[in-house]
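Each reported figure results from applying straightforward, stated rules to the coordinates on display, with no laboratory input. Please read all numbers here as calculations on a predicted model, not as lab measurements. Heads up, the Cβs are rebuilt from the backbone with ideal geometry, glycines too, and the neighbour counts pull from every protein chain shown.
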Amino acid sequence: MLTIDHLTLQLPYYAHGHASWWKRRWATCLDDLTLQISAGEVHAVVGASGAGKSLLAYAIMGLLPPAARLSGQLNYQEKPLDAVRQRQLRGRELALIPQSLSALDPLVRTHRQVTWAAQRAGQPSTGARHAAQRALDHYQLDTQAQQAYAHELSGGMARRVLTAMAHVSQAQLVIADEPTVGLDPHQRQRVLDALRGLADQGKTVILITHDLRHALPVADRVTIMRDGKQVETALACAFQDDGTSLNHGYSQALWLALPDNAFTTATISKDKQGVSVA
Amino acid sequence: MRQPQPRLRAAISLVVTGLLVIGLIASQWLLGDTPQQMQFEARLAPPSVDHWLGTDALGRELWARTLAGLALSFWVGSLAAILSTLIALSLAALATLSSRLDALVSLLIDTLLSVPHLILLMLIAFALGGGTQAVIIAVAVTHWPSLARVLRAELWQLRQAPYVRMSRAFGKSRWFVLHGHLLPHLLPHCLVGALLLFPHAILHEAALTFLGFGLSPSQPAIGVLLADAMRYLSGGYWWLGVFPGLALLLMVLGFERLSRQLRRAL
Amino acid sequence: MRVIRRIAKRLVRLALVLLCVALVSFGLMMVSPIDPVDAYLGPQMAQVSPEQRALIAQRWGFDEPAVVQFGHWLRQLVSGDLGWSHVYNQPVSEVIAQRFQRSVMLLGSAWLLSALLGFSLGVVAGAKEGTKLDKAISTYAFITASTPAFWLAILAVLLFSVTLGWTPTCCAGPVGVLNQDVTLVTRLHHLLLPVATLALLGIANITLHTRARMLELMRSDIATHAFAQGASRIDVAWRHGLRHASLPAITLAFASLGELFGGSILIEHVFAYPGLGQATVAAGLRSDVPLLLGIALFTALFVSLGNMLADTLYGVIDPRIKVEGT
C-alpha cells in the first residue's frame, strides 16, 4: 500500500549567539526511515514530542515547508508518490487529521467547513452537503455545533469536527496525527474505534500518538521513533509481559514505563540496551 | 536548486548600505561649496557631459545639490528616527509603571495618531519657527506613537510573563530584570522600529520642506530643490523635477529594503 | 444595550481625544515665536503704529494670558464658532466647509480606488506568491510606498500636462471661469490627475498589508489543513484568504484616512487644487492661527470617526469579537 524507503528529511535553522550567525545550518529531522504499511492495517507511530512523527505525516502528504530537503523514496500502491501525485491524491486518496485545533478556520461555520472538505474530495455541492451532514451526525455533533464557529466549540468537539472532515473524503489512507489529545476516555474510545472501523473496511490508517497505551488496543503494528530515527517496528502483540520479544531497549522501556507494568531497569535485558534510557 | 539565504542577504545588504552611506558622507567633504557655486554662463543647462544632471536657474550643478540634499536628508532622518525611538521607548517604559500613567500615555498616543502626520508636522514646525532643528524635533515628536504602541504592548506582556515574575520572586533586582530579561526582548523591536521610522522620517522631512515649513530655502535640501523645480515645470526644464526626487526615492527604497531583509532574517 | 454602552464609551473617548488635540494644537500656537499681530497684519505690518498694534491686540485678545485665550477659544468652539480666518476673510467654519466640499471628491474617489485596487492586488499577489505576477505587484507596491507623494505629482504634471498636454496643469476649473459655470466634465477632467496620483500612492500600503496577511494565512495551520483536503492555492485564497485578509484591510483603509489627507495636502499644493489641503498650507505659511486650529480639529474628528467606524464594522463582521466583547 505505502512504502517508505530510506526517507531522510532536513530543515534549515540558524545558530543563535554564534559568530557565524548568518550561516544556515541543516537539522536532520527524519533519519533514514524505512517502513512498509499494508492495506487494512492500523499502523501506530509512537514517540516522544520532537521525534519527527508529525513531519513524517507531512512528508507523506507532501505538505512540508518549501525550504525542506527530502531524500529517499515514497511509493503508494506500487507507484512513486512524488509531488505531482501527492497533489492529485490529497483529499481523495490521502487524508490527514491534523494535530492542531487551529486548523479549523475561525471565520467559517463548522458545517460549511466540512462541506468544503467534501467538495474538495470531488463531490458535487448538494452531495457534499449531505455527506457533511452524515459525517457530523456520525460524530454526534448536534445542530448547534454545526452552526457554530471554531471558538464556540469545546476541544473535544473541535477534534471530532477535524475527524469528520477526514471522514467525508472517503480516503484510502488516513493519517491521524494525535487524534485523541484533549478527549475524555469515552470520546477517545469512539475516535479510536472509528479508526479501527476504517481499517476493517480495508482502508489504511496511520495513527500518530505519543501514548503507547492508546495505540496498542487498536493498532496492528507499532513503529517506535526517537529523534527522527526509527527505533523498531513490531507487531502490537509483541508488547506484552516484560517486553522481551521487543528488539530494542528503548521500545522495551516505553512499554515497561506504562503504569500497569512495574518498571525497573533491571528487567531490560542487557544485550538490548542499545539506546541509553534517560 | 539554490535556495535563498535570508541572513546572508541581510548581511550583504547591511555592508552595501553602510558603504553607500559612508560614500555619501565622504562626498560632502569632497564637494566643498560646489552645490552653491553659480555659473552665469550655464543657467538651466540640460543634462550633458559637462553638467551631469543639468543646472538650475542660477547655474548651480544639480548633481552636487542633489548629493548635498541626500546627505542632509540622511542626517535629519537618522537623528529624527533615533530621537523618536528613544521617546517611544521611554514613554512605553513610563506606561508600565502605573495604570494612571498608562492611561495618560495611551491618550497621548491616540491624540497624536488622530491628527494627520503632515498637519501635526506643520503645527510643530510653526510652533518652533522652522529651521533644521525644528524639522528634526517635529519629525521625532510625530513619529513615535506607532512604535510606542508596539513597545507598550510588548512590555505589558513581558511583565506578565511567568519567567519575569519568577525572577522577581527569586529576589533578583529591578536592574537585573530590566537588563537580563526585558532589554534583550525590546532591543530588536527598537532596532527594527528605528529602521522602519527612518524612511518615513526622510519622506516627511522632504514633504514639510517642499511645502515651505521645513529647512530654509537657502539649504540644498531635496524638498527645496523640488519646490524650486515647481516654478520651472511648464517651461519644460524636466531635469530639475526628475533627478532630486529619483535620488530620494532610491535612498528611501534602499533603506526600506534593508529593514525588510533584517526583519525577515531576525 | 451592550452595543449602546460601547458606542457611548467610544464617544466619550472621542471627545477626550478631541479636547487633547485642541489643547496640544493651541499650546503649539501659543509657543510659536511668530507674533500674532504681525501675522494678522501680514504685509501691512510696516504701516501700523504701536498704538494701533495695541488696539489690534486688545480687539483679538492677543494681550491676554494664554490660559484665558484658550478658555475664550474653547467657549467659542462649543458654541460652534471656530473664529475668523484673516487669509480668506471669512469665518473659519465656512472656509472649511467650502474647501472640504471640493476635497471630498478628490479624497473619496482616491480612497475608494486605492482600497479596492489595493485589496485585490494584495490578494492576488499573496495567492500567487513567488510568481512573476506577485513579483511585479510587490515591486510596484514597494516602490510606490517609498515614493515622495509630491514628486509623483510633479512627474505626473510633467508627463501628462506639460509634455502630452492631456490634462490641465492646475486648479479645479479653467482660469477665469466662475465656479458655478464649470461643467461636470471639466470638473472631472481637472480631478483626473490628482485622483490618479493620490490613489496610486494609497494602493501600495493596502496591497503590502493584504499580501502579508495572505502569506501569513497561506502558511497557517488552516491553509495546511485545506491543502491536505486537496484544495488548490486558488481555492484556499478564495475561501479562507478573502475572509482573513478583508478584516485587517477594512481597518487599514479607515486608519489610512489621515495619511491620505496628508497626501492630499501635497497633491493639492502641486496641482493648485483649491481644496482643504491647499487652505492648510496657506494658513500655515501666512500664520492664520484660527484656520490652522480649525483644520487640525476638523481632520482629527474626521480621522477619529473613520477609526471608530472601522472598529464598529470589525465587530459586526468578525464572529470572534461578539464573544470577547461581553
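At a glance:
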| item | result |
| --- | --- |
| Three-way shape call for region C:211-267 based on the alpha-carbon gyration tensor, with the a/c threshold at 1.5 | prolate |
| Sites B:ARG165 and A:SER102 - FRET efficiency at Förster radius 35 Å, r taken between beta-carbons, to 0.05 | 0.80 |
| Neighbouring partner chain Cβ atoms per residue of A:87-93, average, 10 Å criterion | 3 |
| 222 nm mean residue ellipticity, helices alone, for chain A (DSSP H n ≥ 4; -39,500 (n - 2.57); rounded to 500) | -9000 deg cm²/dmol |
| Beta bridge orientation in the protein assembly as shown: antiparallel %, DSSP, nearest 5 | 55 percent |
| For chain C, calculated [θ]222 nm from helices alone, where every DSSP H run of n ≥ 4 adds -39500 (n - 2.57) | -24500 deg cm²/dmol |
| Mean separation of Cα contacts under 8 Å (6+ apart) over length of chain C, as relative contact order % | 26 percent |
| Top positive-direction residue, dipole computed over the protein assembly as shown with Cβ charges, set A:GLN10, A:PRO65, A:ALA164 | A:ALA164 |
| Cα principal axis extents for chain A, largest first, Å | 61, 49, 42 |
| Bins of 5 Å from zero: percent of alpha-carbon pairs in region C:90-325 | 1, 6, 12, 15, 15, 14, 12, 9, 7, 4, 3, 1, 0, 0 |
| Principal-axis tilt of helix C:276-285 within chain C, Cα atoms, nearest 10 degrees | 50 degrees |
| Residue (of B:ILE82, B:LEU70, B:ALA93) at the positive-pole extreme of region B:1-137, dipole from beta-carbon charges | B:ALA93 |
| Proximal aspartates and glutamates to A:LYS53, defined as alpha-carbon separation beneath 15 angstrom and excluding residues fewer than eight positions away on the same chain | A:ASP31, A:ASP32, A:ASP177, A:GLU178, A:ASP211, A:ASP227, A:GLU232 |
| For peptides B:213-223, A:207-217, C:11-21, sequence by mean Cβ density within 10 Å, most packed first | B:213-223, A:207-217, C:11-21 |
| Karplus (6.51, -1.76, 1.60) ³J(HN,Hα), θ = phi - 60°, over region B:131-144, in Hz, Gly and Pro reported as x | x, 4, 4, 4, 5, 4, 5, 4, 5, 5, 6, 8, 9, 6 |
| Cα-based helix-to-principal-axis angle, C:2-31 vs chain C, degrees rounded to 10 | 50 degrees |
| Euclidean distance between Cα centres, region B:135-178 to region C:225-288, Å | 30 Å |
| Residues A:VAL218, A:VAL191, C:VAL175, sorted so that the one with the fewest Cβ neighbours within 10 Å comes first | C:VAL175, A:VAL218, A:VAL191 |
| Viscosity 0.890 mPa s, 25 °C: Kirkwood-radius Stokes-Einstein D of region A:133-249 over Cα pairs, µm²/s | 156 µm²/s |
| Chain B: Rg to Rh, with Rh as the Kirkwood radius over Cα pairs | 1.07 |
| Peptides ranked, highest mean first, by Cβ atoms within 10 Å: ranges A:91-101, A:151-161 | A:91-101, A:151-161 |
| Exposure proxy ranking, count of Cβ atoms within 10 Å, fewest first, for A:GLU41, A:GLU178 | A:GLU41, A:GLU178 |
| In order through region A:132-139: 3J(HN,Hα) via Karplus (6.51 cos²θ - 1.76 cosθ + 1.60), integer Hz, x for Gly, Pro | 4, 4, 4, 5, 5, 4, 4, 8 |
| Nearest-ten-degree value, helix B:62-97 long axis tilted from longest Cα axis of chain B | 20 degrees |
| In nm, spacing of pseudo-spin labels at A:GLN170 and B:GLU154 (7 Å Cα→C-beta vector) | 5.3 nm |
| Under-5 Å amide H pairs with A:ILE97, H placed in peptide plane, nonlocal only | A:ILE175, A:ALA176, A:ASP177 |
| Free-standing Cys residues across the protein assembly as shown, given no other cysteine C-beta under 4.7 angstrom | A:CYS29, A:CYS237, B:CYS190, C:CYS20 |
| Amide hydrogen neighbours beyond the local backbone of B:MET38, cut-off 5 Å, H modeled | none |
| Mean separation of Cα contacts under 8 Å (6+ apart) over length of region C:34-173, as relative contact order % | 8 percent |
| Calculated P(r) tail over 19 Å for region A:1-124, as whole % of Cα pairs | 59 percent |
| Residue-wise HN-Hα coupling along region B:149-165, computed from phi with Karplus coefficients 6.51, -1.76, 1.60 (Hz; x: Gly, Pro) | 4, 4, 5, 4, 4, 4, 5, 4, 5, 5, 4, 7, 5, x, 5, 6, 5 |
| Exposure proxy order (Cβ contacts within 10 Å, fewest to most) of C:ILE295, C:ILE96, C:ILE7 | C:ILE7, C:ILE96, C:ILE295 |
| Whole-Å semi-axes of the ellipsoid equivalent to the protein assembly as shown (Cα gyration tensor, √5λ, descending) | 63, 30, 28 |
| Cα-Cα P(r), region C:1-137, percent of pairs per 10 Å interval | 9, 21, 24, 19, 14, 9, 3, 0 |
